[in-house]
1. Could you tell me which residue of the stretch 132-149 is surrounded by the most Cβ atoms within 10 Å (Cβ to Cβ), considering only residues that are closer than 25 Å to Arg89 by Cβ and either out of contact with any Leu (no Cβ under 6 Å at 6 or more places or on another chain) or not assigned by TED's automatic domain parsing to the domain that holds Glu104 (or both)?
2. With the condition kept exactly as written, say whether any residue in the stretch 14-27 is out of contact with any His (no Cβ under 8 Å at 6 or more places or on another chain) and in contact (Cβ under 8 Å) with a residue 60 or more places away in the chain.
3. Can you tell me which residue in the stretch 20-55 is farthest from the chain's Cα centre (by Cα), limited to those that are at pLDDT 85 or above and under 25 Å from Leu134 (Cβ atoms)?
4. Which of (1) within 21 Å of the chain's Cα centre (by Cα); (2) modelled with pLDDT under 90; (3) surrounded by 17 or more Cβ atoms within 10 Å (Cβ to Cβ) does Ala2 not meet, given it meets every other one?
5. Which count do you get for residues in the stretch 101-131 that are without any contact (Cβ under 8 Å) to a residue 24 or more places away in the chain and surrounded by fewer than 18 Cβ atoms within 10 Å (Cβ to Cβ)?
6. For Pro81, work out the one condition from (1) buried (at least 16 other Cβ atoms within 10 Å of the Cβ); (2) at pLDDT 90 or above it doesn't fulfil.
7. Can you tell me how many residues in the stretch 96-120 are assigned to a loop (DSSP other than H, G, I, E, B) and under 19 Å from Gly12 (Cα atoms)?
8. Would you pick out the residues in the stretch 121-141 that are outside any strand (DSSP E or B) and not basic (Lys, Arg)?
Amino acid sequence: MAKIILTQEVSGLGSAGDVVDVKNGYARNFLFPRGFATPWSRGAEKQIESIKQARAARELSSLEDAQALAAKLTSTTLTVPVTAGAEGRLFGTVRAGDIASAVESAGLGSIDKRRVDLTQRIKTTGVYQAVVHLHEDVNANVEFEVVPA
């Protein structure tokens, strides 16, 4: 087992600044090359505080701001334009980044694509839902419509 410090949020493992134990191969072959983690050491332990401060700066500043954005997101249906065939089948799929871009283009602010959780693979046009994790205590159910571009 390898002791590592996460530099970014990794789904199912932890958030930035957390010290976790993972298998050596997972750390060496996946986390380190992608920049998601650094090896733990006593010197690196000092970096944890700066990582947590950077994460706090990226987070929405307060719970009230997150709740206000969640109210806006739940009351608005976003439009996601994609390239589609004649019968509504997409050339590709809708990803979390597409949802984040739709939030920005709707003028609701900017969200990190890593905070968007799509519950299903979207391969056709229609109306779908996703969950956006805005704060530790605030999640917003976002409804969006996939339309041909």
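1. Step by step, filter the stretch 132-149, then rank; the result is Val146.
2. Quick first cut of the stretch 14-27, residues out of contact with any His (no Cβ under 8 Å at 6 or more places or on another chain) only: 14-27.
Still in the running and in contact (Cβ under 8 Å) with a residue 60 or more places away in the chain: none.
No, the stretch 14-27 contains no residue that is out of contact with any His (no Cβ under 8 Å at 6 or more places or on another chain) and in contact (Cβ under 8 Å) with a residue 60 or more places away in the chain.
3. Once the filter is applied, the top-ranked residue is Val20.
4. For Ala2, the failing item is (1).
5. Count: 11.
6. Evaluating Pro81 over (1) buried (at least 16 other Cβ atoms within 10 Å of the Cβ); (2) at pLDDT 90 or above leaves (1) as the failure.
7. 3
8. Filtering the stretch 121-141 down to residues outside any strand (DSSP E or B) leaves 121-123, 125, 136-137.
Matches in the stretch 121-141: Ile122, Thr125, Glu136, Asp137.
The values are calculated or read from the model by the stated rules, or taken from the named source; none is laboratory data. None of these values were measured; they are calculated from a predicted model. We place every Cβ from the backbone using ideal geometry, glycine too, and count neighbours over all the protein chains shown.
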